[in-house]
Amino acid sequence: KCLSQKATTYTKRSCQPSIPRRKGCWPLDLYQYEGFWYGAYTLEGILSTQDHFKPQPNSVILSSAPESGTTWLEALSFSIMTRSHFDESTNPLLNKLSHDLVPFTEFQFLSNSQTLDLNVPLSATHISYTSLPKSILSSSCKIVYICRNPNDVFVSLSHYSQKLESVTKAMEDLHLEDALIYFCEGLYSFGPYWDHVLGYWRASLESPKKILFLKYEDLMNDTVYWVKEMAMFMGYPFSLEEEDKGAVQKIIDLCSFENMSSLEVNKSGIPGIRPKELVVKNNIFFRKGKIGDWKNHLTLEMAMQLDQITKQKSTVLG
Ligand code: A3P
């Protein structure tokens, strides 16, 4: 209750002109907090995460902007960490959505969360680097961040938002061209995308032992290499014997888009841990899982608009 009051106080203050509040597309009412835009319930989750989240010293935090490959990263990381307990025929991923095995810090506090039966030191978050709780930054826990081509993120996000039951009516009449304007301005939950990526990129350069920065495209193109890198970084390296027995490939196959999206739980289930405002079905997290699908959806002008921002922001990266 106390947490809700804090967010409500914040959002009430947001009615004052000095606190930025804008209309967005996902969701409609957005509040700006520490440089990023959020719906009220997401902001509530972030505030409570900042106040209450306590990672274990050996925790690994999986971070990303929405639609960058979080679901895949969770499945791979969970399988890497638990491989001494489960094999490909007993892995809980066969019966549970990865978001239910790797809970989101900001949604866990809000939902009527079912307690997880497994004590795996793994959490996920969409929180920007600037707003990560001090408890994560000051502890010895590690962060794995995944980013993705912004064009594909935009297309994926548009499909995702169209399927959200809570916003479908508002989204129905929204053309892709208009959604792009919102995306470019960062007016959706956890936007702007480029600033999200840049925050973690800079931090990964400063603290490479704390933050592993991954790209969806790299992970897709050389999965074996990056899965081994992830395992090493997280403190669960594959032994030569495991490699000889094909342990890396078994995890990759288990977590592949084709396998994950064909599992009954991911076709027809609903997430256990989710804020009530975000009503979804598990299949919303599995669409195509391809690099470059934006080419099937964006006009040349739209792609150029996105490229221009990416180029501008890339000059910051050097
Ligand atoms: P598309 O909409 O382009 O298909 P997130 O998990 O961060 O919400 O990202 C969702 C995107 O990751 C979606 O992209 C989804 O299809 C894709 N995805 C989900 N599971 C995947 C997997 N196992 N391998 C590759 N991509 C996956």
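Overview of results
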read-out: Under the Karplus curve 6.51 cos²θ - 1.76 cosθ + 1.60, θ = phi - 60°, whole-Hz ³J(HN,Hα) for region 282-291, x wherever Gly or Pro sits; value: 4, 5, 5, 7, 10, 10, 10, x, 10, 8
read-out: For Gly289, net neighbour charge (Lys/Arg +1, Asp/Glu -1) across residues whose Cβ lies under 13 Å away; value: -1
read-out: Using a Förster distance of 41 Å, the FRET efficiency for Tyr225-Glu34 (Cβ separation, nearest 0.05); value: 0.75
read-out: Positive-pole candidate from Trp37, Leu254, Thr315, dipole of the chain, charges at beta carbon; value: Trp37
read-out: Longest segment of the chain lacking trypsin sites (Lys or Arg not before Pro) that sit in a DSSP loop with at most 14 other Cβ atoms within 10 Å; value: 2-208
read-out: The chain - charge dipole about Cα centre, Lys and Arg +1 at Cβ, Asp and Glu -1, debye rounded to 20; value: 940
read-out: Radius of gyration and maximum dimension Dmax of region 161-271, Cα, Å; value: 19.0, 56
read-out: Region 140-257 - percent relative contact order, Cα under 8 Å, separation 6 or more; value: 30
read-out: Ranked Glu301, Glu185, Glu44, criterion: other C-beta atoms within 10 Å, fewest first; value: Glu301, Glu185, Glu44
read-out: 3J(HN,Hα) from dihedral phi, region 50-55, Karplus parametrisation 6.51/-1.76/1.60, rounded to Hz, x for glycine, proline; value: 4, 7, 10, 6, 10, x
read-out: Gln56 paired with Glu217, simple spin-label distance in nm, labels 7 Å along Cα-to-beta-carbon; value: 3.7
read-out: Extension gain (nm, one decimal) between Ile270 and His85, 0.36 nm per residue minus Cα-Cα; value: 64.0 nm
read-out: Beta bridges per DSSP with both ends in the chain, % antiparallel, nearest 5; value: 25
read-out: Distance (nanometres) between label positions extended 7 Å along Cα→Cβ at Ser262 and Asn283; value: 1.6
read-out: Over the chain, relative contact order from alpha-carbon pairs under 8 Å, at least 6 apart, %; value: 24
read-out: Square roots of 5 times each gyration tensor eigenvalue, C-alpha, the chain, largest first, Å; value: 30, 23, 20
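The numbers here are math on the coordinates, done by the rules we state, and not lab data. This is a predicted model, so every value here is computed, not measured. Every residue, glycine among them, receives a Cβ derived from its backbone with ideal geometry; neighbour counts consider all protein chains shown.
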